[in-house]
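The values are calculated or read from the model by the stated rules, or taken from the named source; none is laboratory data. Computed from a predicted structure; not experimentally measured. Here Cβ is always computed from backbone atoms with ideal geometry, including for glycine, and neighbour counts include all displayed protein chains.
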Amino acid sequence: MNAEREERRRTMLERKKARAQEEQRNIAAGNPGDVDFIGMVREWRAAHADQAQPLDAGPTAPPKICICVRKRPISDKERNKNDHDSVTCLNPEVWIHSAKLRVDGITKYLDHTSFQFDYTFHEDNTTEDVYNTTTLPLIDFVCSGHGGRATVFAYGQTGSGKTYTMSGIQNMMCEDLYFLLNSADSACTKENTNVMVSFFELYGGYVQDLLNDRNRVKVLEDGKGEVVIAGLTEVESYGPETFLEILRQGNSARTTHMTEANDASSRSHAICQIMLRDAKTNKLKGKLSLVDLAGSERGSDTKSHNSQRRAESSDINTSLLSLKECIRALDRDASKHVPYRGSKLTLILKDCFTSDRAMTTMIATVSPGASAADHSLNTLRYADRIKEKRSTAPTLSPRPLATTRRRRPSAMTNVTKAKAESPVNEMRTSQSRSMAVSRVEVPETTMANDDLDLAEENQSRPESETADDDLLFSEDEKEEPAKDEELNQTVRELFEEEEGVLNMHMTFIAENAKLLSKEGALLQDVQRPNVSDEEIERYASMLEEILDRKEDMIAALQRKLAVFESHLEAK
């Protein structure tokens with residue numbers, strides 16, 4: 001017996017030593033964390049490595065809605081928390097490996113959840129890979145001269161790399177845009193086209209001009225249904241250097257705050273719009289909108305926020321739900337209603353949803369850390385609901401892009417930094433480049449004079465009579481806002497109910513873990529030798545209390561889930 005005991009001890013020591021060595025190897029490889037879970041993920045990846053497809057194996061024709069996912073590398077903050085990598089991208093699929101414990105509280109296992117999109121980008125893919133695959137085709141679409149509307153969204157949990165990805169795309173696209181404008185065979189050239197740039201953010205229900213000291217501007221809708229942002233600055237860009245300086249000034253003025261999930265979280269939706277206008281008629285020939293959405297958050301992230309941060313989070317999540325419904329409507333029959341009035345964000349982007357020549361790209365970014373697995377799943381579910389159907393973009397006979405264009409690296413670095421020489425400041429001092437009312441993007445005809453008068457009349461009214469979120473509608477559209485308001489209220493209610501179910505579920509899991517610990521202690525206590533009758537009675541009484549508590553929690557969660565499911569089906 002002593003020999004067997006010594007053999008077991010020796011085996012345990014060898015296992016501990018091997019485990020410690022593996023842990024050190026993981027740390028050296030930049031992936032600290034639970035050795036067992038890391039080993040399970042590594043084995044799974046080795047078994048499924050051949051499933052990945054090259055990026056050029058994607059759709060042959062550009063889809064009207066392109067949904068892709070980008071995974072960022074593990075950050076130093078996550079390494080310091082011993083947070084291991086739990087996301088695998090095998091184009092076009094992405095897998096979440098959720099670390100779980102069985103009911104015994106000891107046995108570890110992984111719950112693998114997969115989603116399929118148009119493209120997925122792993123941590124070794126560069127921003128240029130993302131740009132060439134998702135955004136580069138949109139440049140040719142916008143420059144075709146047919147009034148194409150293209151929109152690129154970056155969506156995801158705060159801290160997942162949205163702004164990093166969008167900033168890279170902004171910097172790269174300007175080179176290809178001006179490459180096309182300098183091409184003799186392009187429908188839009190520098191001789192017949194003006195490039196106008198506006199940059200603004202939606203923060204706390206207000207629209208703020210990032211190119212004009214964050215002044216608040218008003219969102220209006222004229223009698224013809226065209227959206228006007230009164231007072232928004234448009235700056236003419238003459239080349240890549242000018243364009244990059246405009247972007248730098250806009251991005252530096254964006255609103256950020258510290259949150260539970262990120263020290264510098266973007267608390268606003270930032271929208272950069274590039275309008276290609278006819279140099280003679282001012283007619284809109286193409287429009288590209290780059291939208292860096294505010295970081296989405298779950299209820300657990302807002303528990304320590306003050307009332308202002310919580311209100312921001314509620315407004316952000318509501319606008320994201322409205323955005324999802326509008327993008328999904330692009331896949332439906334053209335006669336179906338697009339609920340663009342569900343939020344100010346979707347109202348501003350109305351023409352991108354209602355135009356028959358619109359293309360949309362959604363880049364969903366996910367964090368790799370195991371502690372963010374629930375957030376990543378939420379992001380992927382959001383993106384997955386958008387892509388329930390597939391549509392093909394209208395054919396505009398595009399030219400090949402990647403084989404003919406080369407960006408000039410020197411232009412990316414020779415940006416003038418002096419504020420006095422910036423194009424925005426030149427615009428402010430030059431009457432020819434300043435505007436009191438933003439130009440309206442009308443596909444075929446310019447705005448009538450009475451429409452301009454409508455916007456100017458509202459702008460001249462006293463502040464007390466025109467709230468920042470006032471909207472003007474034509475008489476025959478008065479019933480439509482009521483429907484949109486009802487839809488918006490429905491979306492809010494469903495979102496609140498969903499958050500309630502999720503929060504109750506998380507509370508149940510935490511409480512159940514505590515009860516499991518109590519059960520283990522009870523069993524250990526009652527299994528001792530020479531247990532008295534009183535101790536057995538105490539065991540039975542406490543076990544009954546624990547089971548009653550579990551039954552109450554399960555019943556409450558079932559009731560809340562049943563109500564949510566019934567409302568989900570009804571609405």
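Among the charged types (D, E, K, R) and at pLDDT 60 or above - does that describe any residue in the range 466-473? For the range 466-473, residues among the charged types (D, E, K, R) and at pLDDT 60 or above: absent. When residue 558 is tested against (1) within 21 Å of residue 504 (Cβ to Cβ); (2) in a loop (DSSP other than H, G, I, E, B), just one condition goes unmet, and that condition is (2).
Of 18, 46, 28, 3, all but one fail to be within 24 Å of residue 90 (Cβ to Cβ) and not assigned by TED's automatic domain parsing to the domain that holds residue 74; the exception is 46.
One residue stands out among those in the range 188-211 that are buried (at least 21 other Cβ atoms within 10 Å of the Cβ) and in a loop (DSSP other than H, G, I, E, B): the one that is farthest from the chain's Cα centre (by Cα), which is 188. The residues in the range 126-176 that are assigned to a strand (DSSP E or B), touching a Ser or Thr at 6+ places or on another chain (Cβ under 6 Å) and either among the small types (Gly, Ala, Ser) or not assigned by TED's automatic domain parsing to the domain that holds residue 371 (or both) can be counted, and the count is 2. Residues in the range 341-358 that are hydroxyl-bearing (Ser, Thr, Tyr) and either outside the structural domain of residue 144 (by TED's automatic domain parsing) or farther than 18 Å from residue 317 by Cβ (or both): 354, 355.
I'm checking my understanding of the structure. Among residues of the range 98-125 that are more than 29 Å from residue 135 (Cα to Cα) and without any contact (Cβ under 8 Å) to a residue 60 or more places away in the chain, which one is nearest to the chain's Cα centre (by Cα)? My answer is 111.
Of 241, 245, 260, all but one fail to be over 23 Å from residue 206 (Cβ atoms), at pLDDT below 90, in the same structural domain as residue 172 (by TED's automatic domain parsing) and in contact with a helix residue (DSSP H, G or I) (Cβ under 9 Å, 6 or more places away or on another chain); the exception is 260.
Looking only at the range 110-124, residues that are surrounded by fewer than 19 Cβ atoms within 10 Å (Cβ to Cβ) and of a type in the set (Val, Ile, Thr) come to 1 in all.
On inspection, residue 90 does not qualify as closer than 23 Å to residue 513 by Cα and either in contact with a helix residue (DSSP H, G or I) (Cβ under 9 Å, 6 or more places away or on another chain) or not assigned by TED's automatic domain parsing to the domain that holds residue 353 (or both).
Kindly indicate whether any position in the range 186-198 is of a type in the set (Val, Ile, Thr) and without any contact (Cβ under 8 Å) to a residue 40 or more places away in the chain. Yes.
Quick one: how many residues across the range 1-35 are touching a residue at least 12 places away in the same chain (Cβ under 8 Å) and either in contact with a Ser or Thr (Cβ under 7 Å, 6 or more places away or on another chain) or surrounded by fewer than 14 Cβ atoms within 10 Å (Cβ to Cβ) (or both)? Final tally of qualifying residues: 2.
Take the conditions (1) at pLDDT below 85; (2) closer than 21 Å to residue 166 by Cα; residue 305 misses just one of them, which is (2). Filtered by the rule that a residue be touching a strand residue (DSSP E or B) at 6+ places or on another chain (Cβ under 8 Å) and exposed (fewer than 14 other Cβ atoms within 10 Å of the Cβ), the range 37-50 gives a lone residue, 49.
The set of residues in the range 340-365 being assigned to a helix (DSSP H, G or I) and among the hydrophobic types (A, V, I, L, M, F, W, C) consists of 345, 347, 348, 352, 353.
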